[in-house]
């Protein structure tokens with residue numbers, strides 16, 4: 001199981017416009033935010049207009065109440081003239097041994113169902129053995145490090161030709177990327193989005209109202225990923241887990257995605273192919 005390090009921090013503009021942008025994104029007035037952050041609307045107005053330099057403590061307090069991602073909190077501090085507050089420790093650093101061990105145990109415990117850990121750019125940092133089953137037939141060049149989960153899913157030589165409800169799953173993944181791009185100013189992520197959005201659809205992909213439209217009535221509560229494998233269709237519902245109150249940029253961007261079998265046939269196949277449920 002290989003663990004790779006995270007990406008570099010983005011840069012920003014003046015702290016005032018950045019704070020105003022986050023406040024508007026959260027649909028808060030200056031008064032509402034000032035009350036939450038134990039400040040005044042007048043002072044916040046001066047900060048946003050560049051007439052007043054906020055203290056380091058105020059920047060962090062405002063960022064907390066605006067639910068700003070950890071990486072972008074460092075960006076706000078840099079824009080205000082302060083040093084970053086949150087470290088960005090490579091995942092292969094010895095200080096991360098306990099974290100890596102915990103992730104590996106969680107991944108192994110999820111066998112025989114697929115699971116993986118990705119970073120903020122959807123690079124695959126670790127995966128369990130069951131995921132390898134689904135990657136059978138993916139072009140070798142897509143499996144060269146650094147693997148990218150979005151690229152593997154949507155590339156014409158990746159999983160795309162085998163995803164039965166490809167149009168719906170593609171839309172789900174693109175919307176997930178769009179949401180991430182709204183939160184972080186990462187050029188690498190933007191380039192990946194433009195790349196995968198331009199991939200051609202598989203020749204046999206159904207239209208949005210075709211044979212395999214939306215959920216076909218089978219899963220009214222969530223969108224499954226339905227994928228062809230060895231003459232059968234396996235159905236999965238995905239869940240994503242992140243760390244609560246992270247104090248490191250790398251940890252804040254980690255996400256574990258687990259794929260739960262959505263029908264009995266998928267359970268039986270995976271338990272027979274990979275091993276019994278733990």
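Read-outs: derived from the displayed coordinates by stated rules, not from any lab. Keep in mind the model is a prediction, meaning the values are calculated, not measured. Positions of Cβ are generated from backbone atoms using ideal geometry, with glycine treated the same way; all protein chains shown enter the neighbour counts.
Rounded to the nearest 0.05, what FRET efficiency do residue 223 and residue 203 give with R0 = 22 Å and r taken as the Cβ-Cβ distance? Could you check?
Given R0 = 22 Å and the Cβ-Cβ separation, E is 0.45.
Over the alpha carbons of the stretch 1-145, what is the largest minus smallest coordinate on each principal axis, giving the biggest first in Å?
Between the extreme Cα coordinates on each principal axis of the stretch 1-145 lie 59, 31, 29 Å.
Between helix 56-65 and the chain, what is the angle of the helix's C-alpha long axis to the longest principal axis, kept within 0 to 90° and rounded to the nearest 10?
For 56-65 against the chain, the angle is about 40 degrees.
Taking the Cα centre of each part, how many Å lie between the stretch 98-126 and the stretch 226-244?
15
Compute log10 of I(q)/I(0) for the chain with the Debye formula, placing one identical point scatterer on every Cα and leaving out solvent, at q = 0.10, 0.15, 0.16 Å⁻¹, to two decimals.
For the chain at q = 0.10, 0.15, 0.16 Å⁻¹, log10 I(q)/I(0) is -0.62, -1.13, -1.21.
Take each of the peptides 101-112, 72-83, average the number of other beta-carbon atoms within 10 Å over its residues, and list them starting from the highest.
Numbers: 101-112: 15.6, 72-83: 18.6.
Output ranking for 101-112, 72-83: 72-83, 101-112.
Quick check: residue separation of residue 95 and residue 232 times 0.36 nm, minus the Cα distance between them. What number comes out in nm?
Result: 44.9 nm gained on full extension.
When the chain is fully extended, how far beyond the present Cα-Cα distance does residue 243 get from residue 178, taking 0.36 nm per residue of separation?
21.3 nm
What distance in nm separates the two pseudo spin-label positions at residue 49 and residue 273, each 7 Å out from Cα along the beta-carbon direction?
Placing both labels 7 Å beyond Cα along the Cβ direction yields 6.3 nm.
How much space per residue, in cubic angstrom, does the convex hull of the C-alpha atoms of the stretch 15-79 take up? Mind showing how you got there, number by number?
Working: hull volume 4.4 nm³, N = 65.
Each residue corresponds to 67 Å³ of Cα convex hull volume.
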